[in-house]
Structures are given as C-alpha cells and as structure tokens.
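First the structure, in the form of structure tokens, and then the observations on it.
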Amino acid sequence: MDVSSSLLIIPQSKPWTLFYATMVFIMWAIMMIAMMLPSASPAILIYEKIVTGKSQTENPLWLTTLFTSSYLLTWMLFSLAATAAQWWLHSVSYLSPMMAITDKYIGGAILIAASVYQVSPIKDACLKHCRSPMGYFITNWRDGAKGSFTMGFMHGMYCVGCCWALMAVLFFTGMMNLLWVVAISIFVLVEKITSTGDKIAYLSAFLLFFAGLWVILG
C-alpha cells in the first residue's frame, strides 16, 4: 500500500471531515482523468484536426484545450457525486477503511445494476456516440470558444452515460484497488475504440450479473 493510500485510511467510527472529503474528491478526479483521457483521445484528436482546418480567428490549440477541459468537467462532476455517495456510505458504516462497500447486498446490487445498465438502450446510444464522435461533430458543430466548451461538455456527458455504471463497480472493489482501476480502464478503452464494443458490453453484463449473484448468495 502506498503512502497516498495510507493517508486516506480512517477508522470507520470517525466521521469524515471536509478536508478528508476534499482529498477523496481529488483522488476520484485524478483517477477519472487517468482512466478516461485515453479513450477520449480519438475524439479530441478529431476535434483538433477540424478546428485546425477551419478558417477562424481563434487559436486551434486554445479551442482544443477548452474542448478537453469541458470534457473533463463532466468527470469532475461525477467525482463529486461519487465522493458524496462514499461520504453517505461511510456515515451509515457501509464503507471499509479502503473505501469498499462492506454490505454484501449493496455490493451485489451494484454489480447487478451495472450489468443491467450495460445492455440498456441508453448505454448502447452513448457507446455508439463515443465510438463515432465524427457524426456528432458533423451534425452539432459550433464555432468559437463557446462552441468548443459546449461540444466538449456534451461529449463528456455521453461518455459519463456510457461508463458511469462501470465506474460504480469501484464502490464494490474499493477505489484504492489499483488492479481493478487498471482493469476497468483497459476495458473501457477496448469497449469504446473497437468495432466489437457492443459485444464486449454484453459480455461484461453477463459477468457482472453472475458476480453480483455470487456476492449476494455467497
């Protein structure tokens, strides 16, 4: 266990402080950036090529940076929601010092809920957008800084819609379990950039569903 992880381990009997909650949020935010930027890079590169080829007064680098920043903003909002959820779980004594859910019924329910979402129409629509962002750029293009921010934020919302359930699995495994963080990151990348992403989503739904049942019944 590294030093940064040990600093965030507190006894279950102690309430969270604002400082501790802030540190948990920062950890979530850094983790989301590290996990999601690789899968977002194709959309960012496509956007950069489009703005570079357009005749406009704004700096393409600035617009691309704004697009990327607004994309990451959506994951900062997710991180805020995740921190609030963990704060509540700790307050009702359902969270271990390593930030994993201790109640098997809640943990199993999260896995089963994630499996159902993986095969839902909303997930499918968001996954298709993330795999083919060019269509979104063509039909929803907006010029200028405001357009860059709006398109980046909307792309991020689709991305959150595609991956939030998989990120919720970290509530079961524990956000400090680096092995699961890396595994989910690789899975998200493969799911979003390969032509078999929908099939991979169905495979993950199957595995998550039976894992949830195993946790609840075990």
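From the list 206, 172, exactly one residue is exposed (fewer than 14 other Cβ atoms within 10 Å of the Cβ), farther than 20 Å from residue 130 by Cα and in contact (Cβ under 8 Å) with a residue 12 or more places away in the chain. Which is it?
Answer to the selection: 206.
Within segment 109-140, work out how many residues are under 20 Å from residue 41 (Cα atoms) and touching a Gly at 6+ places or on another chain (Cβ under 7 Å).
3
Residues 74, 57, 52, 17: which one is modelled with pLDDT of 90 or more and more than 27 Å from residue 210 (Cβ to Cβ)?
Of the residues listed, the single one that is modelled with pLDDT of 90 or more and more than 27 Å from residue 210 (Cβ to Cβ) is 74.
Filter segment 78-112 for residues that are without any contact (Cβ under 8 Å) to a residue 60 or more places away in the chain and hydrophobic (A, V, I, L, M, F, W, C); which is farthest from residue 20 (Cα to Cα)?
106
Would you please name the residue that is surrounded by the most Cβ atoms within 10 Å (Cβ to Cβ), looking only at residues in segment 141-153 that are assigned to a helix (DSSP H, G or I) and in contact with a helix residue (DSSP H, G or I) (Cβ under 7 Å, 6 or more places away or on another chain)?
152
Determine whether segment 78-87 contains at least one residue that is of a type in the set (A, V, I, L, M, F, W, C), in a helix (DSSP H, G or I) and under 26 Å from residue 46 (Cβ atoms).
yes
How many residues are in a helix (DSSP H, G or I) and in contact (Cβ under 8 Å) with a residue 12 or more places away in the chain when one looks only at segment 175-191?
Summing the residues that are in a helix (DSSP H, G or I) and in contact (Cβ under 8 Å) with a residue 12 or more places away in the chain in segment 175-191 gives 7.
Here is a yes/no grid of residues against (1) modelled with pLDDT of 90 or more; (2) within 13 Å of the chain's Cα centre (by Cα); (3) surrounded by fewer than 19 Cβ atoms within 10 Å (Cβ to Cβ):
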{"residue": "21", "(1), (2), (3)": "yes, no, yes"}
{"residue": "35", "(1), (2), (3)": "yes, yes, no"}
{"residue": "68", "(1), (2), (3)": "yes, no, no"}
{"residue": "80", "(1), (2), (3)": "yes, yes, yes"}
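From (1) touching an Asp or Glu at 6+ places or on another chain (Cβ under 6 Å); (2) touching a residue at least 40 places away in the same chain (Cβ under 8 Å), pick out the condition that doesn't hold for residue 200.
Looking at each condition in turn, residue 200 falls short on (2).
The values are calculated or read from the model by the stated rules, or taken from the named source; none is laboratory data. As the structure is a computational prediction, the values presented were derived from the model and not from experiment. Quick reminder, even Gly has a Cβ in these numbers, built from the backbone with ideal geometry, and neighbours come from all protein chains shown.
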